[in-house]
Each structure stands twice: as C-alpha cells, then as structure tokens.
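Data block below; observations after.
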Amino acid sequence: MAKRHSHLWEKSLKYIPGGVNSPVRAFRKVGGTPIFIDRACGCRLHDCEGKEYIDYVLSWGPLILGHAHPHVISAIKTACQNGTSFGAPTEREALFAQMIAEAVPSIEKVRLVSSGTEATMTAIRLARGFSGKDDIIKFEGCYHGHSDSLLVKAGSGAATLGVPDSAGVPEDFARHTIALPYNDIETFVRAVEHNHETVACVIVEPVAANMGVVPPKGDFLRTLRDYCTRYDIILIFDEVITGFRLALGGAQELYGIIPDLTTLGKIIGGGMPIGALGGKAVIMDTLAPDGNVYQAGTLSGNPVAVAAGIATLKVLLEENPYQELDRLTRMLADGFRRITQKLSIQSCITQVGSMMSLFFSNETVRDFQAVLRADSERYRNYFHGMLSRGIYLAPSPYEATFLSTAHTEGDIQRTLEAAEESLRQI
Ligand SMILES: *Cc1c(COP(=O)(O)O)cnc(C)c1O
C-alpha cells in the first residue's frame, strides 16, 4: 500500500504530460508527489494508500454539499439509467435554466456549456459581437479559464507554474486584452476613460478567488458598474466560483451590484462538467440561432450533468446554508488568526462566506502583486505539515480554501489543532 502513490505517479508521468490532466494537481509549487484519490464522502477524502483527509479543495470549488451527496448521486444514477446524452432538448434543461434565472439577479436567459472556460470564452465573444468592439479589460490575478484572450496575467495555475502568460497565445490576441491591477480604482478609471471606444467588456471575479481569496475593496465593484454603464461597456461577472457559493444569487446578490452578463460553472454542475453564461435577454439573444454570435456544444446541457446541477441547487434552495457556512468558515479564519498571532507568524487571513485564504504576508493583501510578495516557501512547509496530519489543502498558495455543508465544528477544531502543530514546526 505505502508505495502505491509513487508507482501510480511513475505510470502517470509516462503516459500523461506532467502526470496530470490539469497543471496545479502536479504539486509543483509545494513539491513532492501528489496523492492519488481512491474515493470520497462528505468532507473526507481517502487516498490510494488508505489514508483519510479532511478536504478543503472540494474539487476546486464545485462540491459545496461535500462529496457524494446522496441527493446528487441518486439524481445522477436515475439520469444515467435513462440515457447519457441526446443532443436534443430536455425538460430538465428548461427547469434548470428557470432555477438559475430565478436565483441570479442579472440573469434573464442562460445558455449551458460544458466548462467554465467555455462559459467565459463565449461571454467574451458575445460581448464583442454585441458591441462591435474588440478590446477587453481584465484584472491581474483573476482567472477566467484558459481561452486565448483570457490567459493574460491569469493567476491560479499559471501563477503556480510561474508563467504569467502562456506560449501559443498569438500576440495579436493578447494585444486586445488590457490587464489592470485588481482593486485599483484610479488605474481602472484612467484605462476606461482612455480606451472606452474600443473596449467591449470588463470581466472580473467579483471576489477574486484564483490568487487566494482577495475580496473587492470598498466601491471597486460599484465603480466598475458605473463606468461600464457610462461608456456602454458590457460588465461580466465571472461567478464560476462565487455563483451559488456566496449566496444563491452569488457575489452580485451579496454586494448588490448587477452585471450585464454572468458566467457560472463549478457548483451548478454538482461535480459534473458544466458551465453557463447568462444575462439580459437582449444580449443573450445575440447568440445563435437567434443572433449572429456562434456557439454550440455536442454535450451542452448534458442530462446527467444537469440532473446533478438541479439536485445541488434544490438542496441549496431548501437548506439555505449560507449563514451557517459563513459561521464555520469564520471560525476557521479566526482560529488561524489566533494561532498565527500566538506564534508570531506574519499572516493576512481573508474570508468571504465559505471561502478563505491564509497568506504568509505582513500586509493586507489587496492585489496580485501583494499575493506574489507573500512567503510561498512557508506555504510549502505548512501544506506538507497539514497533509501529513490528514488535512488536504490546495497544493498551491494561490488557491482558495473552501468549506462545504459536510464540514462540522469538529472538523474545524481538528484542522486548527493540525495547523498549530504544523506552524510550530516551521
Ligand atoms: C475554474 C474557473 C474558471 C474555469 O472553469 P473550468 O471549468 O475549469 O474551465 C473560470 N473562471 C473562474 C473564476 C474559475 O474559478
């Protein structure tokens, strides 16, 4: 059993580039060999060497109900038995679209796709097609999937590997992307006033969660909204992480700022591959077949994924767990604050609802540059200390810590005990 991971890792390295199907999984930023997962239930992961962990990655955000929630699994089973894909409309898709439109303030109509990347890529194309303009504004450290125009200063996996921009993205594409510092209102205002004639859209994570969790300060989101309205620029909230995580209506409900388009993914698939983009009907109707912006997908609106999504949203609607999630996550964040103070470790702890980050930093982290200044060597040691004590954190300092409804106060206590031991040792 004990050698199982290194054996599996060797085999993976032989047949899969870098041994993984998504780069951050490779442990490059923390060193060592990834653990291989055998199964999971609730907030517990079990690896192939028989070890159990409390999971704070939750498949990078989707599993707000924890792993293998009985309602979700039962919906998936039932859906499978009736066929896994039709490439034709189903009743379920109409119901799902209605549920999303009723929950998310900015959404009148919604198109389903198969990943968050596809959702943001399509939202950008739609914004360009609708406005007739080519440039986009994004913010450093915000990740919007791996399509060409959006893979500029993109945080997350790219930051983990230390490649700010990807090879293979033609300069001609990147040229249309203006990347600005997150939370910097003056720079944004200057950029918009200078470029508004060519800017089709502003895309932002309303709470940045791909450079660790960096909350929007003061009137950052309000300013984006005001200037986009003033200059007829489409405002896109990328709520692939925050949608149905911070509230049923996502960050836009929490902060009371309504974008023109919203992208969703992760939670709305209940752990199955899905993405969505939605917004005002006048903009959404510019998509084919009504409009001239083309978008399509063989597996779009896949019946199994939609069934998992509906089951997840139903539980969230019935239980409305957001206050309780916030309370538990606050307990974890407060615990980290207490411990780092006691041990005189410089830290900045951020938390919004059920997501948080511990930065080993001596400043308040407000943007990507501050994230990069934090001590990633200390994170590496902390990560391995926690892993050996049965706590599974993201194998990178640039990712969020997520809670689910399956985590309990007991899990939080155990985690804080492990954190104190780990931090004492480094
Ligand atoms: C994960 C993520 C994406 C990309 O979604 P995929 O399903 O991985 O393609 C886009 N935007 C944000 C904010 C994300 O967190």
Toy charge model, Lys and Arg Cβ at +1, Asp and Glu Cβ at -1: region 70-319 dipole around Cα centroid in debye, rounded to 20, equals 440 debye
Rounded to whole Å, √(5λ) for the Cα gyration tensor eigenvalues of the chain, largest first, gives 33, 27, 21
Under Stokes-Einstein, region 70-319 at 37 °C and 0.692 mPa s, with its Kirkwood radius over C-alpha pairs, diffuses with a coefficient in µm²/s of 180 µm²/s
The chain: relative contact order from alpha carbon pairs under 8 Å, six or more residues apart, as a whole percent, is 22 percent
Between Gln98 and Cys48, the FRET efficiency computed from the C-beta separation at R0 = 56 Å comes out, to the nearest 0.05, as 0.85
Taking the dipole of the chain about the Cα centre (Lys, Arg +1; Asp, Glu -1; charges at Cβ), the one of Leu45, Val24, Ala179 that reaches farthest to the positive side is Leu45
Excluding residues fewer than 8 positions from Lys11 in its own chain, the lysines with Cα under 18 Å of it are Lys3
Two pseudo-spin positions, 7 Å from Cα along C-beta at Glu421 and at Ala68, lie apart in nanometres by 2.5 nm
Given unit charges at Cβ for Lys, Arg (+) and Asp, Glu (-), the dipole magnitude of the chain about its Cα centre in debye, nearest 20, is 1100 debye
To the nearest 0.05, the calculated FRET efficiency linking Glu108 and Glu193 through their beta-carbon distance, R0 being 35 Å, is 0.70
Hydrodynamic calc, region 34-108: Kirkwood Rh from Cα pairs, then Stokes-Einstein at 10 °C with viscosity 1.306 mPa s, so D in µm² s⁻¹ is 105 µm²/s
Excluding near-sequence neighbours (fewer than 8 apart on one chain), region 70-319 holds lysine pairs with C-alpha atoms under 27 Å apart numbering 20
For the chain, the charge dipole (Cβ of Lys, Arg +1; Cβ of Asp, Glu -1; about the Cα centre) points to a positive end, and the Cα of Ala79, Thr33, Asn362 closest to that extreme belongs to Thr33
Region 70-319: antiparallel bridges as % of DSSP beta bridges, rounded to 5, reads 40 percent
DSSP beta bridges in the chain: the antiparallel percent, rounded to 5, is 60 percent
Of 203-214, 361-372, 56-67, ordering from highest average Cβ density within 10 Å down gives 203-214, 56-67, 361-372
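Where a number appears in this text, it was derived from the coordinates with a stated rule and is not lab data. This one's a predicted model, so the numbers in the text were calculated from it and none came from an experiment. When we count neighbours, we look across all protein chains shown, and the Cβ atoms used for this are built from the backbone with ideal geometry, even at glycine.
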